[in-house]
Each structure stands twice: as C-alpha cells, then as structure tokens.
Amino acid sequence: MPAWPRGLRRGRRIGVGRPRHVGLGEQQLLHPGRAGNGYRSHPDAAAAQVRQVRGLLDSGLTTEMIRAVLPRLSGPGHLVPAAESVPPETAAATGSPPVWGPYGPRAVDALNSFAPARTPCWSGAMDHAAVLALYDREMREGARPDGPGARIERAGGVVRQIADASGWNGVLWSGLDAAGADRAIQEQIARFTGLERDFEWKLYAHDEPADLAARLLAAGFRAEPAETLMVAEVAGLALDTAPPAGVRLVRATGPAGVDLVVDVHERAFGTDGTALRHRLLARLAADPGAVVAVAAVADGEPVAAARMELVPGAPFAGLWGGGTVEAWRGRGLYRALVAHRARAAAARGCRYLQVDALPTSRPILQRLGFHPLSATTPYVYGS
C-alpha cells in the first residue's frame, strides 16, 4: 500500500481522518502551505486548530459559521466575542469582554453576539443571560398564582405561593444575602408549617448566597433530584412533528381526558396522581385556556401524556409532566407531545417554552432546540 502524503499522515496522528482533514482545507477552515514535493504541509499549530474546528462542528455550527467564529477563538475551548457587540445585560452577567466555553450551546451565543447589528445567525440563537434574567423577573420574582385558590406572598426578600393541600406550596424566588438567609429560611418554615403545609424551596444554581443549598439542608430540607432549566423560543421550534402511526393525541377537556393523563403519570413515574387530578380538574373548570393537557392513545390505551401551563400575560409557558410508559419509550412520542404543546403556545402568542428537565429528557430537548440556562433543585420540607 503506498504511503500517504506527509500532511495526511499528520492528520491521522491528530485524530482527523483523511477526507475530513482535506475537507477542512477545501472549506477554508485550515490554510496549509505547500512542501517542495507539492503536497500540503500543515504546521504544528494546525493540530490545535483542527481540534477547535471539530469541537465547533460537534456543537452544531456549520462550516460557514465556523469561518466567522475562528478569529474569536482564544483557546481550545473558548470563544471571545467583540466587546463592543455584546449586549449590556450579557456583559454585566459575564464580564466584558466575556469568555464563553467550553464548546456547546454557548457557542451559539458567542457567534450571535458578534454578528452584524446583532442579527441572529440562525433561529437557534439565544442570549442566555438575558433570557435567564427575564425568566427570573417575570416567572419567579414577578410570579402570578398558578391556579384557582392560590395566592402569591412577598415578604422579606422572598416570593412564595400559598395554595390548598392539593396545590403547589413553596418558595419561587429569593433575594437574600449571607447575613439574612438563615432568618429568612426559618420564617418560611414557620409560615408554611403554621398552615400545616409541606412545601418546596425551588433553588436555582445562580441564587444567592452561594451556600443557600447547604443552609436549607441544615434547616431540615431534603434535596430532590436536580433538573436543568431549559428554554426555547417557540418561533424556532419544529411544530410539525407527528406521533407514530396508530397513535392519536387526545386533548383533556374534562374528567375523562384528565383520567387518561393521570393514568400515564402514575404508570410512567410510579407516583400517586390524586393531587394532579385535582389540580387539572380545578384549572380546567376555572380557566380552560390556562392549561393544555394531552394524552397519546394507542389501541384505546394511554401510553404517553404531558401538559402545558400558561399564565395570562407571561412570556413563558411551562411544559410539565411529559412521560411515556416503558413499552412505548424511544418511539418519538415525547417529541410529538412537545410539538403539540408548542403549537398551542404559538397559537396563544407565547414567546418562550420552559422545561425543568431531568437528565433523561435533556438530550432530546436540546436536539429539539431548547437551551440549558441554569440548574434547579427542589428542596422539600415536610413529609
């Protein structure tokens, strides 16, 4: 077998196969010289640049986008946008100029930040810091009650919801410092236990003080599995994903439809659905437009279900309870339920969809166009 030219042998050594290495040069992502024998000659720096290009390709960028972003690479896994083109709210959150890395969804932000006139380079572009700030302001600090009979209370740097025993009771937002955090925690315990309510403190990774999680644990809370706050802009989602052949989507508008949704919830998650049934029936009776609950039915049996909750005037709609019974997982039902709810959100003029995603659903949501913005952990107090 004849020996490969020197440049291609180098490509094999740095982990790039022959076609791709040649292709990078042809697409003007690498700029090799020419040796005396006429073969391409790649300098030592090419190895690092190839790894950079491959990382960007794996992040989902096209070669055209990579040509634009290469001048902004500061290292093997970091992107530095031009300081003058970074939105002020992003600079405030990340520093100016910010450095984004490693490769991943943040590459989208970096590329978008130095596009001319801040025009999004493609529909998936999102300023994570700005959208997270909007979510905190509108859905946490400025929260509205999530159902009939619930009310929002604001006291001592804490925003909490009080509901009946079947509703959600807990802390939605806090603006605390180290000096006052322990006192605020005890005040919430006293408030909810005085009402004979178990409750949840919805803690986000960016909440202050930095040791708030440890303080909650010391006060008697228990941590439930961590989730990822993920957000997508409705206009950038594919809305035409259909369920598999033989499966129909049934909208819950009354007790019969709610029973289908709750049946899936109990089988998919192994939990009692009594409280969910109560909340769905109450919300449908009080404001049918505030909740979209749907079940996927095959041969007369519910096999997947999910719901979307909307708050009038809020820019975010929440996707909740997406579950599929074990025998039907991996067949595209989750994606079809996301698309169904996204269409409903678009029809209602809602700009963003929000999900608290478990590790099992995060990869699917990222492929659909959702962006991870923060981590969130429920801390529960009571039985």
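Since every read-out is calculated from the coordinates, none of them should be taken as a lab result. Note that the structure is predicted; figures quoted are calculated from it, not measured. All Cβ positions, glycine included, derive from the backbone under ideal geometry; neighbour counts span all protein chains shown.
Side notes on the structure shown:
- Only residues that are over 17 Å from Ala150 (Cα atoms) and out of contact with any Pro (no Cβ under 9 Å at 6 or more places or on another chain) were counted in segment 181-220, giving 24.
- Restricting segment 180-212 to residues that are assigned to a strand (DSSP E or B) and in contact with a helix residue (DSSP H, G or I) (Cβ under 7 Å, 6 or more places away or on another chain), the residue that is surrounded by the fewest Cβ atoms within 10 Å (Cβ to Cβ): Leu203
- Members of segment 370-380 found to be under 10 Å from the mean Cα position of the chain (by Cα) and either surrounded by 20 or more Cβ atoms within 10 Å (Cβ to Cβ) or within 16 Å of Gly321 (Cβ to Cβ) (or both), listed by number: Phe370, His371, Leu373
- Filtering Gly236, Gly254 for residues that are of a type outside the set (S, T, N, Q) and without any contact (Cβ under 8 Å) to a residue 40 or more places away in the chain leaves a single hit, Gly254.
- Filter result (among the aliphatic types (A, V, I, L, M) and within 24 Å of Gly246 (Cβ to Cβ)) within segment 309-336: Val325, Ala327, Leu333, Ala336
- Of the residues making up segment 144-179, just one is over 18 Å from Leu216 (Cβ atoms), surrounded by 19 or more Cβ atoms within 10 Å (Cβ to Cβ) and touching a Leu at 6+ places or on another chain (Cβ under 9 Å), namely Ile162.
- Some residue of segment 352-363 being buried (at least 20 other Cβ atoms within 10 Å of the Cβ), part of a helix (DSSP H, G or I), among the aromatic types (Phe, Trp, Tyr) and in contact with a strand residue (DSSP E or B) (Cβ under 7 Å, 6 or more places away or on another chain): no
- Being of a type outside the set (A, V, I, L, M), closer than 15 Å to Tyr381 by Cβ and in a strand (DSSP E or B) is a description that applies to Gln161.
- Residues of segment 333-359 that are more than 15 Å from Ala232 (Cβ to Cβ), in contact (Cβ under 8 Å) with a residue 12 or more places away in the chain and either of a type in the set (A, V, I, L, M) or in contact with a Pro (Cβ under 6 Å, 6 or more places away or on another chain) (or both): Leu333, Ala336, Leu358.
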